[in-house]
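Peer 1: Have a look at this one.
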Amino acid sequence: MVALGFLIALEVAARRYGLPGPITTQVQEVVFAPKSGFLLYASMALMMVVLTWRQRFIAAGAAIGIDVTFLLARWAADAKVTDGHPFGNGALWVILGYAVIAVTRRTGRERVLLLKGVGLGLLLVAGRKTGDTWLLITSKTRPAVLDQYVATADHALGNPAWLVGRIVTATGPIGAHFLDYVYTQLPVAAVIVALYQLRNVAVERRFPGHHLVRTFLVIGLLGPGIYMIFPVVGPIFAYGADGGHWAVANLWPDMPPPINTPHHMPFDEITPRNCMPSLHTAWATAIFIHSRQGPRILQFAGAFWLIATLGATLGFGYHYGADIVAGVVFTLTIEAALRSLERGWDRSGIQLVTYGATVFAALLVSYRYLPMEMAGHPWVFGPLLILAMTSVVYGYVRTTKLWEPKAAPARQPEPQPELSAVP
């Protein structure tokens, strides 16, 4: 009910600005070409963790069959897909179909389990739609942005967006296309890790207490609220050609911005204010954390996706280095809170969450009110920023290691008295 109320509130807010809300855009994808067919199939895969293998094959076949039907219907009507993907409707139909089956054909615990699976799949889709609506709202409600403050503070870190931007530019279209694919398919990577975590749901008939999807959704829920407090558009818009006449100058990625007293700067009503913190970094960090408990290939994949996402966020000019630092702290604080909620709050959990939230707030305050000092003394503030982030990482690793259940020592067989020889 809370999730539904939140979606309705966003729908109303979007309508006030003449925009379709998350509910409208999702309903449209029942018939029209979806924005991301990969995401819908990934959502269906999440839903299928509660099904048997036979039911999974039937569901996948039904989804593909429905998509083929839609493809043939569009071909017959000469309706070309110009925006989005020509597939994915079938996956959404299957998810909704299992919701109907849960209500009409299941009872008791089986109904609840199937509805949880359907809800898990729909929440992933709703999270994407909610994020898109949030981005539109930020562009309409925050006419001034704080990019000059963050860009000035970023001198303390050596302007990493400009450095990585030049490296990505030097790799040419191949490197750019590769990083763009990694960047846009981040939810699919999250689903792969989540599927591993939820692989035993169909057998155990219950969900684990904590998994990646929970962290992913909470990051997407809380992150846009920070956008409203600290609106930033990113270097490629504020200092690059993509910003048009709204940009301070066309400097990215060739020349870092000069150190001048920062000011609020007006910007257009189209570009999302979605930089502080970097949620792509936050999500990639969450994938990395949750992949640590998997097999070695999953651990390598989690590390790869984190590194590639950092390269894309900086190399495409979507984020400053300061956003990355804030995004890591943001994720670890949320992850610590969710794990504490699952296992029961204790002193160590409260201390870790409080410390992470304090460091995150201190980062935002320093970016806003100390940018000139940070730019003027990079050898002081740069290491301090990295040290602050590292301290949260260390605190998280140290605390959560204490939370891990310790294996009980193997019982040694008691020594048996030797039988005396019979004379």
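Peer 1: I'd like to know which of Thr138, Ala375, Thr52 lies farthest towards the positive end of the charge dipole of the chain, counting +1 on Cβ of Lys and Arg and -1 on Cβ of Asp and Glu.
Peer 2: Thr52
Peer 1: Mind ranking Ile229, Ile289 by accessible surface for me, highest first, 1.4 Å probe? Display every interim value, and only then the final one.
Peer 2: On the way: Ile229 125, Ile289 30 Å².
Sorted descending by solvent-accessible area, the residues read Ile229, Ile289.
Peer 1: While we're here: Could you work out [θ]222 nm for the chain from helices alone, using -39500 (n - 2.57) per DSSP H run of at least four and dividing by all its residues? Round to the nearest 500 deg cm²/dmol.
Peer 2: On the way: 18 runs with 289 residues, N = 423.
My calculation for the chain gives -22500 deg cm²/dmol from helical runs alone.
Peer 1: Here's something else I'd like to know. Might you report the magnitude of the Cβ-based charge dipole of region 64-219 about its Cα centre, with Lys and Arg at +1 and Asp and Glu at -1, to the nearest 20 debye?
Peer 2: Once rounded to the nearest 20, the dipole reads 780 debye.
Peer 1: Please give the net charge around Gln197, taking every other residue with its beta carbon less than 12 angstrom from that of Gln197, where Lys and Arg add +1 and Asp and Glu add -1. Don't skip to the end; give the middle numbers.
Peer 2: Working: positive: Arg199, Arg214, Arg292; negative: none.
Residues close to Gln197 contribute a combined charge of +3.
Peer 1: So how far, in whole Å, is the C-alpha centre of region 74-103 from the one of region 116-143?
Peer 2: First find each Cα centre; the distance between them is then 19 Å.
Peer 1: Give the residue from Trp403, Thr215, Pro86 lying farthest towards the positive end of the charge dipole for the chain; charges sit on Cβ (+1 for Lys and Arg, -1 for Asp and Glu) and the dipole is referred to the Cα centre.
Peer 2: Trp403
Peer 1: Could you tell me the number of lysine pairs in the chain with C-alpha atoms less than 29 Å from each other, where the two lysines are 8 or more residues apart or belong to different chains? Working shown, then result.
Peer 2: On the way: Lys35/Lys80; Lys35/Lys116; Lys35/Lys129; Lys35/Lys140; Lys80/Lys129; Lys116/Lys129; Lys129/Lys140.
Value for the chain: 7.
Peer 1: Considering the dipole of region 160-245 built from charges on the beta carbon (Lys and Arg +1, Asp and Glu -1) around the Cα centre, which of Ala202, Ala238, Ala190 is farthest to its positive end?
Peer 2: With unit charges placed on the Cβ atoms, the residue in question is Ala202.
Peer 1: Still on this model: Packing-wise, with mean Cβ within 10 Å as the measure, how do 11-19, 170-178 rank, highest first?
Peer 2: Order by mean packing, descending: 11-19, 170-178.
Peer 1: Can you work out D for the chain in µm² s⁻¹ from Stokes-Einstein, where Rh is the Kirkwood radius over C-alpha pairs, the temperature is 10 °C and the viscosity is 1.306 mPa s?
Peer 2: On the way: Rh = 23.6 Å.
For these conditions, the coefficient is 67 µm²/s.
Peer 1: State the extension gain, in nm to one decimal, for the chain segment bounded by Arg74 and Trp345, taking 0.36 nm per residue of separation less the distance between their alpha-carbons. Please report the intermediate quantities before stating the final value.
Peer 2: Numbers: separation 271, 0.36 × 271 = 97.56 nm, distance 5.38 nm.
Stretched out fully, the Arg74 to Trp345 stretch lengthens by 92.2 nm.
Peer 1: A further question follows. Express in whole angstrom the spacing between the alpha-carbon centres of region 174-241 and region 11-60.
Peer 2: 16 Å
Peer 1: Determine Rg/Rh for region 268-360; Rg is computed over alpha-carbon atoms and Rh is the Kirkwood hydrodynamic estimate from the same atoms.
Peer 2: Details: Rg = 14.9 Å, Rh = 14.3 Å.
Reported Rg/Rh (Cα atoms, Kirkwood Rh): 1.04.
Peer 1: Can you list the HN-Hα couplings for region 59-70, worked out from phi with the Karplus curve (6.51, -1.76, 1.60; θ = phi - 60°), rounded to whole Hz and with x for Gly and Pro?
Peer 2: Calculated HN-Hα couplings, in order: 5, 5, x, 5, 4, 5, x, 5, 5, 4, 4, 4 Hz.
Peer 1: I'd like the projected area of region 206-341, averaged over all directions, using the convex hull of its alpha carbons. Report it in nm² with one decimal.
Peer 2: Details: hull surface 40.2 nm².
Seen from a random direction, the Cα hull of region 206-341 projects 10.0 nm² on average.
Peer 1: Now a separate question. Run a plain Debye calculation on region 85-149 (Cα atoms as equal point scatterers, no solvent) and give log10 I(q)/I(0) at q = 0.13, 0.15 Å⁻¹, rounded to two decimals, same order as the q list.
Peer 2: -0.55, -0.64
Peer 1: Considering only protein heavy atoms, with the full assembly of protein chains and a 1.4 angstrom probe, order Phe230, Phe32, Phe237, Phe38 by accessible area, largest first. Before the final figure, lay out the partial values.
Peer 2: Details: Phe230 10, Phe32 135, Phe237 45, Phe38 85 Å².
Of Phe230, Phe32, Phe237, Phe38, the descending order of accessible area is Phe32, Phe38, Phe237, Phe230.
Peer 1: Bins of 10 Å, beginning at zero and ending with the bin holding the largest distance: percent of Cα pairs per bin for region 1-151, please.
Peer 2: Spelled out bin by bin, region 1-151 gives 11, 33, 30, 18, 6, 1 percent.
The values are calculated or read from the model by the stated rules, or taken from the named source; none is laboratory data. Please read all numbers here as calculations on a predicted model, not as lab measurements. Methodologically, a virtual Cβ is constructed for each residue, glycine included, from the backbone with ideal geometry; neighbour enumeration extends over all protein chains shown. Surface areas here come from the heavy atoms of the whole protein model, side chains and all, with no ligands, DNA or RNA. Shrake-Rupley method; radii C 1.70, N 1.55, O 1.52, S 1.80 Å.
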